[in-house]
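Written out below as structure tokens is the structure these notes cover.
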Amino acid sequence: MGIIYIQKIPSVDEILDAIPMSEELKYLKKQRDMDIQNIFQGKDKRFLLIIGPCSAHDEDAVCDYVSRLARIQEKVASEILIIPRIYTNKPRTTGTGYKGMLHQPNHHKKPDLALGIKAIRNMHIRSFRESHLSAADEMLYPGNYPYLADILAYVAIGARSVENQQHRLTVSGLDIPVGMKNPTSGDIRVMLDSICAAQTPHVFIYNEWEVSTTGNTLAHAVLRGSVDRYGNHSPNYHYDDLVEVIKLYHERKLQNPVIIVDTNHSNSGKKYKEQIRISKEIMLNRKHAARLRTAIKGLMIESYILEGAQGPDGDEYGRSITDPCLGWEDTERLILDLAEMNG
């Protein structure tokens, strides 16, 4: 057998007892959850921005960045609701490279997942405490969700995970919005199959228990573009793409037919500055087409303090060590522009 047992991971109860969330934050979380749910259900006209670095590898820089978002949130509160992107698990296409703070709480040192679970919970709680903005994270390991279930406002299922049965079934038991990305192939049917599965009740094995779920009606589509067999990127955020997805949504009779557009990845062709133009194009299309305004509830944007990216061993404060991101000046200007366009 090629598996070496390194250390036992602390239980959920042990972690939650050691790193509790305050009563004040629990109350704020409920209020935020209700606001976000109202947007998804069409009861609130505000637009969602799920925004932040490609990966959260430095607690101080992440909390600094999110506190900046909180100050902007006050200025755009009537038009925009910001969900900070604090992604601590990173799927890797080839299995190599930085896998996120969960794996490496210090990106210069070897993996330590037991310490990583504590590090990501501490960072999420600190960020929420300092900003009052509950955040989004990506679900790479479905079994780990309970370690952050009381904190997260939003969960993303990545393009490489969306076909996985355990991800789909786990999402069916969550009570917050979960974005199911189209796979890297761009196959929209796969994404819609995932949403259907996530919105359906199930009985399955989860963390050594037989469990049942009620189905998550807030599971929805995230369009991130595609890559063909030759490695060429193709976008799927244009008007015709969006209209077709809405049509397919209704043909499948799925609940809450919501679309979030990921402005980076294959939609931008990995050209992070294009996120500015793409975001504004989507807002203009929403403004001139009622069916798009109804369905498209938000954007995913990769942004940090310093623009671009550095190497995985880099120590520049506030610069991504994975995919390149917009810098703060562009981010601030873009958020203000989007708020005005939503008005």
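Computed from the coordinates by the stated procedures, all read-outs in this text should not be read as laboratory data. In this text, all values refer to a predicted model and were calculated from it rather than measured experimentally. Here the Cβ positions follow ideal geometry from the backbone for every residue, glycine too, while neighbour counts run over all protein chains shown.
Data for the structure
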quantity	calculated
For the chain, built as a Gaussian network whose Cα springs stay under 10 Å, the top-fluctuating residue of SER78, SER194, SER266	SER78
Neighbour-count ranking [beta-carbon atoms within 10 angstrom, fewest first] of HIS103, HIS250, HIS167	HIS250, HIS103, HIS167
Residues of the stretch 286-325 with amide N under 19 Å of a point placed 7 Å along Cα→Cβ from LYS45	286-299
Exposure proxy ranking, count of Cβ atoms within 10 Å, fewest first, for CYS325, CYS63, CYS196	CYS196, CYS63, CYS325
Neighbour-count ranking [beta-carbon atoms within 10 angstrom, fewest first] of LEU133, LEU16	LEU16, LEU133
Cα-Cα P(r), the stretch 217-343, percent of pairs per 10 Å interval	13, 38, 33, 14, 2
Extended-chain gain in nm, criterion 0.36 nm per residue less alpha-carbon gap, SER78 and LYS270	66.0 nm
Net charge dipole size for the stretch 80-176 [Lys, Arg +1 and Asp, Glu -1 on Cβ; Debye, nearest 20]	380 debye
Antiparallel content of DSSP bridges confined to the stretch 12-342, in %, to 5	20 percent
For GLY158, residues with placed amide H under 5 Å, excluding near neighbours	MET139
Inter-part distance where the stretch 5-53 and the stretch 114-174 are each reduced to a Cα centre, Å	8 Å
Once the Cα gyration tensor of the chain is diagonalised, semi-axes √(5λ) in Å	28, 24, 21
